[in-house]
Amino acid sequence: MSKDTVIDMKEVELNEVDPEKQPITDDGQAGGEKNGSVKLKIPEDEVTFTGLSKEELMKVAGTPGWVRTRWVLLVLFWLGWMGMLAGAIVIIVQAPRCKPIPEMNWWNNGPLYQISNVNAFCADGLKGVEKKLDNMNNLKVKGLVVGPLHNVQANQPNTLKLKDIDPSQGTQEELLALLEKAHKKDISVVLDLTPNYLGTDAWFSSDNVPEDMMKELADAAEYWLNLGVDGIKVSDLNLAASSPDWSKVQAVPGNHTDGSKKRALIGVVEGISAGEIAMLVNTSAANLILSDLLSTNGSGAEHIQAMNNLQSLQRNLGWGLGAAQWDQMSKQAGTPALLLLFTMPGTPVFTYGDEIGLQAQDKGSPVMVWDVEHEPAEGAVVHESVEAERKEQRAVLKWFELLSDLRGKERSLLYGDYYSLHSSATSLAFLRLWDQSERYITVVNWGSTPATVKLNLTAGVELPENGKVKLSTDPELKTDSSISLDKITIGPGHGVLLVFPYAG
């Protein structure tokens, strides 16, 4: 091969294009555009909107057409605004007026819970009561009535020391600790200062109260209220209020009003009529009077009559079944009694153990049971009768909690008006209503046979055709079911709470 030939071959190699660098076209052939090139079409004339200039805008805004348009829009705006204002005024004027809420004190806002024997209530006395305040809070209790705690020997007035706490029940330091913790939970504490609580007569006599004893009571009330107690309670109020020195006692709570919170003077009466109770409310200046009217063996008609006579004084009345005697509710009362006490006008007052249906086995105070919600341990030996009683107590506790919670939330039950609807020897029914709130009808049958209740309307009261079952102990009346209000059939020993809305 000649020299020229060799040179020509090198030129050929240099001129050849690497296949990997050849441009790719749609048909896979090299040629046309260079590899990676992109064609862009740029419009020759791009139009950009810049709006009107200030001079142009002012020129257009001054034209007659735009001037008229602006005036029309301005007039429409003000007409619409005035129309809405007028409509709001008409709605406010035509809307029904809300009924003013009556003056309420702490003893009207929930149940009172009596602990007459702190050692039977809890093994640790006053210290144990403090430990159980969470349980009281779960019951929506607004006040504890503790004691009597003072030192005295039965029927021995010369041993009376109202300012000293019986060491077997606790100490003053433990009482103060109880007060502090209770107040943090918005629970008030009332101290029972009934002088001869261990003896026969509350005031050591059934005829009169000695002057020196009334003075000692006033001094003791002053002493305990200064230490933070929220009220005092005495038994046999009708005898005490007849004393010419009663004014010394009744003035003490009024002198210790703490801001908007009043101190309470609570009195207990037994064996007197509704008329006498109404008179005592006015003459004794007691803030709350607890009577035994419901504890007597009266008929439903008699109980209704008592409520009819006293319903206008509901914020000064306390109701209980056994509470006036420091006793638990009778076993015959059962859960219908709880329904009655929580829904009737006035303050429900209970003795410890009522929330589980606790019954005294003898004349002494029954020991409180605290484990009704605890299931037996797996494998533990359980007596059928004991377990059946525990389940029954747990059911009563659940019923108590539901009623207490409902009363605290519903205005009709808390301070609503009262209307009697039915009464017989073994049953009764009444209506509670307040302004535009939901209305409630309570029906209770404590007889031994089913009762058919016919609701009798009073003037100014209207009922719908049907009502809804809110709470019931009767298995035939299911919760949330609708029943006719023309006639209500309820089983023996049962109660039902019905609700219906405000109709306007």
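Below is a table of values for the structure above.
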read-out	value
Area of K468 that stays accessible when all protein chains are in place (1.4 Å probe, Å², to 10)	90 Å²
Ranked packing of 164-173, 223-232, most packed first, by mean Cβ within 10 Å	223-232, 164-173
Percent antiparallel among DSSP beta bridges (both partners in the chain, rounded to 5)	55 percent
Cα-derived Rg to Rh of the stretch 138-190, Kirkwood definition	1.08
Residue (of T347, P366, Y419) at the positive-pole extreme of the stretch 343-472, dipole from beta-carbon charges	Y419
Magnitude of the charge dipole, the chain, Cβ model with Lys/Arg +1 and Asp/Glu -1, debye to 20	1900 debye
Dipole of the stretch 126-207 [Lys/Arg +1, Asp/Glu -1 at C-beta], most positive-end residue of G147, V190, L133	L133
Dipole magnitude (debye, nearest 20) for the stretch 145-204, charges at Cβ of Lys, Arg, Asp, Glu	100 debye
Counted charge near V469, where neighbours are those whose Cβ lies closer than 13 Å (Asp, Glu -1; Lys, Arg +1)	0
Over 20 Å (Cα to Cα) - which of K163/K184; K184/K233; K142/K398; K99/K470; K140/K468; K161/K215 fall in this group	K163/K184; K184/K233; K99/K470; K140/K468
List F77, F121, F204, ordered by accessible area with a 1.4 Å probe, largest first	F77, F204, F121
For volume of the Cα convex hull per residue in Å³, calculated from these coordinates, the label among (1) 163; (2) 468; (3) 335	(2)
Residue-averaged 222 nm ellipticity for the chain, from DSSP H runs of 4+ at -39500 (n - 2.57), nearest 500	-10500 deg cm²/dmol
Check: the stretch 370-504 dipole with +1 on Lys, Arg Cβ and -1 on Asp, Glu Cβ, in debye	540 debye
Amide H within-cut-off set for T426, under 5 Å, with H built and near neighbours excluded	G300
Estimated vicinal HN-Hα couplings, Hz - the stretch 144-161 in sequence order (Karplus 6.51, -1.76, 1.60; Gly, Pro = x)	9, 10, 9, x, x, 10, 6, 7, 6, 9, 3, 6, 10, x, 6, 9, 6, 9
Solvent accessible area, Å² - V369, 1.4 Å probe, full protein context	50 Å²
Positive-end residue of T257, G110, F121, charge dipole of the chain with Cβ unit charges	T257
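The values are calculated or read from the model by the stated rules, or taken from the named source; none is laboratory data. It should be emphasised that the depicted structure is a prediction, and the values quoted were computed from it without experimental measurement. Virtual Cβ from ideal backbone geometry, glycine too; neighbours counted across all protein chains shown. Surface areas here come from the heavy atoms of the whole protein model, side chains and all, with no ligands, DNA or RNA. Shrake-Rupley method; radii C 1.70, N 1.55, O 1.52, S 1.80 Å.
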